[in-house]
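A.B. asks: Please see the structure below; I have some questions.
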Amino acid sequence: MKHPPRRTRRLLVAAGAVGALTLGTLAVLPTTAAMAAPGCSVTYTTNSWSGGFTASVTITNVGDPVNGWTLGFRFPDGGQRLAQGWSATWSQSGSEVTARSLSWNGSLATRASTTIGFNGTFTGANPAPTSFTVNGTVCTGSTTPTTPPPTTPPTTPPPTTPPPGGQTPVAINGQLRVCGVNLCNQYGRPIQLRGMSSHGLQWFGNCYNDASLDALATDWRADLFRIAMYVQEDGYETDPAGFTNRVNALVEEATERGMYAMIDFHTLTPGDPMHNLQRAKTFFAAVSARHASKNNVIYEIANEPNGVSWSTIKNYADQVIPVIRANDPDAVVIVGTRGWSSLGVSEGATHTEIVNNPVNASNVMYAFHFYAASHRDNYRAEVERAAARLPLFVTEFGTVDYTGDGAADLASSTQWLDLLDRLKIGYANWTFSDKAEGSAALRPGTCNGSNYTGTSVLTTSGAFMRERIRTPDNFPTS
Ligand code: IDC
């Protein structure tokens, strides 16, 4: 990790083995068991500017499963005020702050976590709270069997009414769901997510640090960070545990910043996804268990199948999707398509082979990839036809040619993005990295430094993509 930018205050206090701030523990209100073992850890991080700050609070349940929680803490400085919160019902009385769970994040399995946050103001200093409670009970740091006090269970909070401005994409949209051919937010309304893909973690892992991800979330205002974990080419197969950990850490980083995290099992060569079936099952079992309670994780199970039939890809999907669903039943899953995720076009087929034989699961989308200097009108026409019948997500595209290099074709890229905007198809651009190739958004050497904001660090492709991505989203909220 690089040093955070000056305005970032990341409060890290020794917390045992994990590198996050554990501020005491959080008692959790059991709703059923008379004897329960509550226990939680809380990380509290802030980004502050002159007089204002955003706080991100991650609650991890280390005790028995809970169904409904109320977090309490006290601002140490009298000038600290809660302005607007998200992902919980927030209130402040004097220095005491309370956050009550919402319907979608109240249930926390053992070891599950949820992230909530708020914008605040301060006049003097802005110290972090020093302890957290639930219903007045301060926890001890590990599970402590207690008899819960006789108390009424938390009432169902009113539905989230997102306050204007200052909200993250995940805070506004919450858990996503496929609705017809679209991706819908927590209000059941179609949305388009716009963001960036990493390059291969095995080569450009240094590009994904606090400063770069802050820039992606706040300067680019990206909705989405795709985490490209190659399987071959010195990727996952060489160190499954290590790559799983790296992906998990980046999912946490995206979550802290209110972005959706797309976990890309980046198969490419060989093109037969069956070659990696066992690895995929092992990997997705691990990451889906780890992130089951989050509402911002999207699973992309095979980057670019090639040289194999759709029925082979479907067979793979029909085996991998249940592994994810066993842990995370409501997560959106994206399936790669024939011919390097071209809906078959690059191998002489069309999307109709998928329409005629879809995967055996709901809440699924199909991937389409393009490289704007190589793929033009006939591919755009196919996307337009397919979008009427299949939920599509452009999980990867480049402004350049299919090699990932060459000049950015901004005319074709504009045509593509206008089409995707009109059809509300989400996208992730290849790549948020500083590789010396045309598709990279960052100029070579950027990832050796600590500044990722503004346009001086960007390539032609990067400057174009930042302009497209940072335009307001206007997500529907009712
Ligand atoms: C390319 C990278 C390049 C790297 C190569 C290795 O841009 O730096 O050396 O992978 O395999 C894809 C793939 C994606 C490719 C990209 C550009 O999903 O991995 O990245 N591309 O060739 N499909 C079409 C194009």
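A.B. asks: With the condition kept exactly as written, say whether any residue in the range 228-235 is more than 13 Å from the ligand (Cβ to nearest atom) and open to solvent by less than 20 Å² (accessible area, probe 1.4 Å).
C.D. replies: Pass one, the range 228-235, residues more than 13 Å from the ligand (Cβ to nearest atom): none.
So far as the range 228-235 goes, no, none of its residues is more than 13 Å from the ligand (Cβ to nearest atom) and open to solvent by less than 20 Å² (accessible area, probe 1.4 Å).
A.B. asks: Can I ask one more? If Ala215 satisfies every condition in (1) buried (at least 19 other Cβ atoms within 10 Å of the Cβ); (2) under 24 Å from Thr399 (Cβ atoms); (3) among the small types (Gly, Ala, Ser); (4) within 15 Å of the ligand (Cβ to nearest atom) but one, which is the exception?
C.D. replies: (4)
A.B. asks: Restricting to the range 387-409, give me the number of residues that are surrounded by 24 or more Cβ atoms within 10 Å (Cβ to Cβ), more than 16 Å from the ligand (Cβ to nearest atom) and part of a loop (DSSP other than H, G, I, E, B).
C.D. replies: The qualifying residues number 0.
A.B. asks: Moving to a separate point now. Considering only residues that are crowded, with 18+ Cβ neighbours inside 10 Å and not polar (S, T, N, Q), which ones fall in the range 298-313? Please lay out each step first, then the result.
C.D. replies: Start the filter on the range 298-313 by keeping residues that are crowded, with 18+ Cβ neighbours inside 10 Å, which leaves 298-306, 308, 310, 313.
Once the filter is applied, which keeps residues that are crowded, with 18+ Cβ neighbours inside 10 Å and not polar (S, T, N, Q), the range 298-313 yields Ile298, Tyr299, Glu300, Ile301, Ala302, Glu304, Pro305, Val308, Trp310, Ile313.
A.B. asks: On to the next question. Only one residue in Ala372, Ala349 is open to solvent by less than 50 Å² (accessible area, probe 1.4 Å) and over 28 Å from the mean Cα position of the chain (by Cα). Which one?
C.D. replies: Exactly one residue qualifies, and that residue is Ala349.
A.B. asks: Answer yes or no as to whether Thr110 is closer than 15 Å to Asn61 by Cβ, outside any helix (DSSP H, G or I), modelled with pLDDT of 80 or more and under 22 Å from the mean Cα position of the chain (by Cα).
C.D. replies: yes
A.B. asks: Could you tell me which of the residues Ser433, Ser439, Ser412 is within 16 Å of the ligand (Cβ to nearest atom) and in a helix (DSSP H, G or I)? If you could, list the steps in order and put the result at the bottom.
C.D. replies: On the way: Ser433 fails: in a helix (DSSP H, G or I); Ser439 fails: in a helix (DSSP H, G or I).
Only one candidate qualifies: Ser412.
A.B. asks: Still on this model: If we scan the range 246-263, do we find a residue that is of a type in the set (Val, Ile, Thr), farther than 30 Å from Phe475 by Cα and either part of a helix (DSSP H, G or I) or touching a residue at least 60 places away in the same chain (Cβ under 8 Å) (or both)? Write out each step before concluding.
C.D. replies: Taking the range 246-263 first, the residues of a type in the set (Val, Ile, Thr) are 247, 251, 255, 263.
Okay, now just the ones that are also farther than 30 Å from Phe475 by Cα, so none.
No.
A.B. asks: Then there's this: So, in the range 456-478, of the ones that are open to solvent by less than 50 Å² (accessible area, probe 1.4 Å) and more than 20 Å from the chain's Cα centre (by Cα), which residue ends up nearest to Asp418 (Cα to Cα)?
C.D. replies: Top of the filtered list is Phe464.
A.B. asks: OK, next. Suppose we filter Leu26, Leu71 for residues that are modelled with pLDDT of 90 or more and either farther than 28 Å from Ala217 by Cβ or buried (at least 22 other Cβ atoms within 10 Å of the Cβ) (or both); which single one remains?
C.D. replies: On the way: Leu26 fails: modelled with pLDDT of 90 or more.
The unique qualifying residue is Leu71.
A.B. asks: Of the conditions (1) open to solvent by less than 30 Å² (accessible area, probe 1.4 Å); (2) within 20 Å of His266 (Cβ to Cβ), Ala286 satisfies every one except a single condition; which number is it?
C.D. replies: The number of the failed condition is (1).
A.B. asks: A further question follows. Of everything in the range 157-180, what is open to solvent by 50 Å² or more (accessible area, probe 1.4 Å) and modelled with pLDDT of 90 or more? Give them in sequence order.
C.D. replies: Once the filter is applied, which keeps residues that are open to solvent by 50 Å² or more (accessible area, probe 1.4 Å) and modelled with pLDDT of 90 or more, the range 157-180 yields Arg177, Gly180.
A.B. asks: With (1) among the hydrophobic types (A, V, I, L, M, F, W, C); (2) over 27 Å from Ser362 (Cα atoms); (3) away from the ligand (no atom under 11 Å from the Cβ) as the list, and Leu420 as the residue in question, which single condition is left unmet?
C.D. replies: (2)
A.B. asks: Related question: Can you confirm whether Asn378 is within 15 Å of the ligand (Cβ to nearest atom) and modelled with pLDDT of 95 or more? Don't jump to the end; show me each part of the working.
C.D. replies: Details: within 15 Å of the ligand (Cβ to nearest atom): no; modelled with pLDDT of 95 or more: yes.
The answer is no for Asn378.
A.B. asks: Which of the residues belonging to the range 250-283 are open to solvent by 10 Å² or more (accessible area, probe 1.4 Å) and within 13 Å of the chain's Cα centre (by Cα)?
C.D. replies: Selection gives Leu250, Glu252, Glu253, Thr255, Glu256, Arg257.
A.B. asks: Would you mind stating whether Thr453 is under 21 Å from the mean Cα position of the chain (by Cα), open to solvent by 10 Å² or more (accessible area, probe 1.4 Å) and more than 14 Å from the ligand (Cβ to nearest atom)? Even if it seems obvious, please write down each step before you answer.
C.D. replies: Values: under 21 Å from the mean Cα position of the chain (by Cα): yes; open to solvent by 10 Å² or more (accessible area, probe 1.4 Å): yes; more than 14 Å from the ligand (Cβ to nearest atom): yes.
Spelling it out, Thr453 is indeed under 21 Å from the mean Cα position of the chain (by Cα), open to solvent by 10 Å² or more (accessible area, probe 1.4 Å) and more than 14 Å from the ligand (Cβ to nearest atom).
A.B. asks: Go through (1) touching a strand residue (DSSP E or B) at 6+ places or on another chain (Cβ under 6 Å); (2) closer than 30 Å to Ser113 by Cβ; (3) among the hydroxyl-bearing types (Ser, Thr, Tyr) for Ser341 and report which single condition fails.
C.D. replies: The failed condition is (2).
A.B. asks: Okay, next question. Out of all the residues in the range 182-212, which are under 23 Å from Asn119 (Cα atoms), open to solvent by 20 Å² or more (accessible area, probe 1.4 Å) and not hydroxyl-bearing (Ser, Thr, Tyr)?
C.D. replies: Hit for the range 182-212 is Gln186, nothing else.
A.B. asks: List pairs: first in the range 328-346 and among the aromatic types (Phe, Trp, Tyr), second assigned to a helix (DSSP H, G or I), Cβ under 7 Å, 6+ apart or cross-chain?
C.D. replies: Listed pairs, sorted by first residue: Trp340/Ser346.
The values are calculated or read from the model by the stated rules, or taken from the named source; none is laboratory data. Values in this document were obtained by computation on a predicted structure and should not be read as measured data. Heads up, the Cβs are rebuilt from the backbone with ideal geometry, glycines too, and the neighbour counts pull from every protein chain shown. Heads up: the accessible areas ignore ligands, DNA and RNA and are worked out on the full protein's heavy atoms, side chains in. Shrake-Rupley method; radii C 1.70, N 1.55, O 1.52, S 1.80 Å.
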